[in-house]
Amino acid sequence: MTAQCVSVLIIEDNPDDAWLAREVLQGTSEPAYRVEWADTLTTGLTRLAEGGIDVLLLDLGLPDSRGPQALTLISHLAPAVPVVVLTGADDEQLAMDAMREGAQDYLVKSHADSHLLTHTIRYAIERKRAAEALRISEERLRLAVLAANEAIWEYDPVKGIPWNKAYEGLSGITPEAASVAEFCVRPIHPDDRDRVFRSFAETLEGRALSWRAEYRLKRADGEWSHIHDRAIIARDRSGQATRVVGAMLDVSDLKRSEEALRASNRKLQQLSRDLLRAQDYERRRIARELHDSTAQLLAALSINLTRLQDGGLEPERRSRVLSEAVELAAACSAEIRTVTCLLHPPLLQELGLVSALQSYAQGFNQRTGIHVELKIPADFCRLSLEVEATLFRIVQEGLANVHKHSGSQLAVVRLEQDSQEVRLVLQDRGRGLPEVLQDQAEGYVRFGVGVIGMRERAEQLGGRLELTSNKIGARLIVVLPLVHSNDENANIVGG
Ligand SMILES: Nc1ncnc2c1ncn2[C@@H]1O[C@H](COP(=O)(O)OP(=O)(O)OP(=O)(O)O)[C@@H](O)[C@H]1O
Ligand SMILES: [Mg+2]
């Protein structure tokens with residue numbers, strides 16, 4: 001159709017009727033009409049197929065076709081061409097049927113004057129345009145819904161519940177298999193069903209314009225997904241819900257991450273509680289040590305010094321008190337050295353891990369009677385202070401455990417190193433881990449602060465720690481990666 005000219009095809013077997021319509025239309029100027037005529041459906045369809053027709057006037061009583069079936073053929077051949085059906089005065093029912101089959105309008109031939117005919121043609125063209133725009137928009141929407149990753153559903157009391165491919169993928173329910181009840185009921189977890197349906201029904205009865213719920217839904221593969229479902233509710237003037245459109249989002253990954261985060265937070269909270277308790281315990285232990293031993297020695301030293309102030313003390317007695325005071329001062333200094341050594345071994349920074357371990361092993365042996373055998377290669381080179389301090393603290397804690405739990409009189413500490421990592425093995429000859437701790441999966445959570453702290457230290461440096469039992473006793477293995485000195489955070493000195 002051009003702005004000035006509308007192409008009309010009349011399919012009409014009665015030449016008089018066709019001539020009349022042509023006369024009426026060709027007498028009109030704005031717009032102008034170019035009219036073609038076909039006297040059978042077959043010739044009409046042939047002309048239609050060639051294209052260029054803007055509107056079709058169709059008689060339903062043709063020699064080669066009767067009734068609205070012709071419309072089916074026409075809509076296949078030229079779906080964009082609007083059709084106005086021409087009927088006799090008593091054929092209105094037929095015309096209505098044709099409208100249902102897709103005709104845009106109808107005209108009773110005997111009433112068709114110039115005004116009515118042009119008006120009907122214009123109206124049919126506009127109506128077809130609007131219907132086409134709507135069809136395209138609906139098609140676009142349908143494709144968008146199909147393409148959406150979210151499962152989209154629509155609740156309509158008349159039409160039931162259509163859904164998109166994403167929902168089929170999620171639930172495994174296909175349109176053939178599904179009834180409304182099956183759609184709603186089957187996939188939702190039995191423990192969630194009542195809650196979800198009650199809240200949906202209550203929301204529909206109320207005045208809310210949206211609804212949301214979270215529930216578990218059985219997927220096609222039999223696994224449960226966590227669904228976040230939200231819907232928009234359309235209501236009529238009286239507030240009655242007329243249609244609900246919803247989108248289901250699978251939030252299982254999010255839920256899993258949330259749960260992992262919560263678990264890790266719980267673990268962290270527990271760990272910091274344990275660490276605070278351990279710190280407190282350690283402070284009390286040092287205070288007790290200072291009070292019970294060092295403070296007693298200092299008190300005795302102070303008594304002796306006071307006695308020495310007494311000018312009347314016999315020389316022999318004075319000399320005994322003096323040598324006692326010297327012994328007390330030496331004991332005091334030894335005590336303080338032990339305590340400070342435990343808190344921060346001075347040798348570690350100056351002479352390195354190997355010397356610090358040798359000195360610590362000796363002191364440990366004196367305090368506990370447990371012999372510590374150090375197996376360290378002669379060419380074991382120095383590591384970063386962080387790695388050396390970590391290994392030292394782990395040996396300290398590991399030996400404390402040997403003393404506390406194993407009953408062993410011997411502990412072997414082996415250190416090995418290559419270009420990639422340093423490996424520490426602490427083996428005792430004791431009773432091994434209690435059975436409850438031997439299951440690796442369970443073990444981690446049941447260890448006390450000592451093992452958790454050791455593991456944290458190792459993991460902070462990108463390493464790992466294992467505590468297991470073997471035939472000989474308990475064995476602690478720590479592996480730390482070595483980063484060379486030209487890298488950032490180098491874990492090895494030199495290189
Ligand atoms: N060498 C070992 N021989 C036998 N059992 C051990 C050994 N080392 C650790 N265990 C077991 O592992 C458990 C956890 O040790 P961990 O050091 O974490 O806690 P703890 O020593 O009981 O308490 P603390 O928090 O004071 O260190 C111990 O309670 C003990 O049962
Ligand atoms: Mg311990």
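The values are calculated or read from the model by the stated rules, or taken from the named source; none is laboratory data. Because the structure is predicted, anything quoted here is derived from the model rather than measured. Surface accessibility is based on the protein's heavy atoms, side chains included, excluding ligands, DNA and RNA. Shrake-Rupley method; radii C 1.70, N 1.55, O 1.52, S 1.80 Å.
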Volume per residue (Å³) of the convex hull spanned by the alpha carbons of the chain is 336 Å³
Kirkwood hydrodynamic radius for the stretch 353-465: how many Å is it when counted over pairs of different Cα atoms? 14.9 Å
Using only helices, what value at 222 nm comes out for the chain when you add -39,500 (n - 2.57) per DSSP H run of length 4 or more and divide by the total residues, to the nearest 500 deg cm²/dmol? -16000 deg cm²/dmol
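Counting pairs of alpha carbon atoms under 8 Å apart in space and at least six apart in sequence, what relative contact order in percent does the chain give?
Values: 682 pairs, mean separation 31.8, N = 495.
Relative contact order, the chain: 6 percent.
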Antiparallel as a % of all DSSP beta bridges within the chain, to the nearest 5? 65 percent
Rounded to two decimals, the Debye log10 I(q)/I(0) of the stretch 5-143 (Cα scatterers, no solvent) at q = 0.10, 0.17 Å⁻¹ is -0.30, -0.88
Name the aspartates and glutamates eligible as straight-distance cross-link partners of Lys404: C-alpha to C-alpha under 13 Å, and not fewer than 8 places from it in the same chain. Asp428
Just to be sure I understand the curve: with the Debye formula and one point per C-alpha of the stretch 252-343, what is log10 I(q)/I(0) at q = 0.14 Å⁻¹? -0.69
Expressed as a rounded percentage, what relative contact order does the stretch 39-153 have, with Cα pairs under 8 Å and six or more residues apart? 22 percent
Using modelled backbone amide H atoms (1.01 Å from N, in-plane), which distant-in-sequence or interchain residues come within less than 5 Å of Asp64's amide H? Leu41
Taking all protein chains as present, what is the carbon and sulfur share of the accessible area of the chain, in % to the nearest whole number, probe 1.4 Å? 53 percent
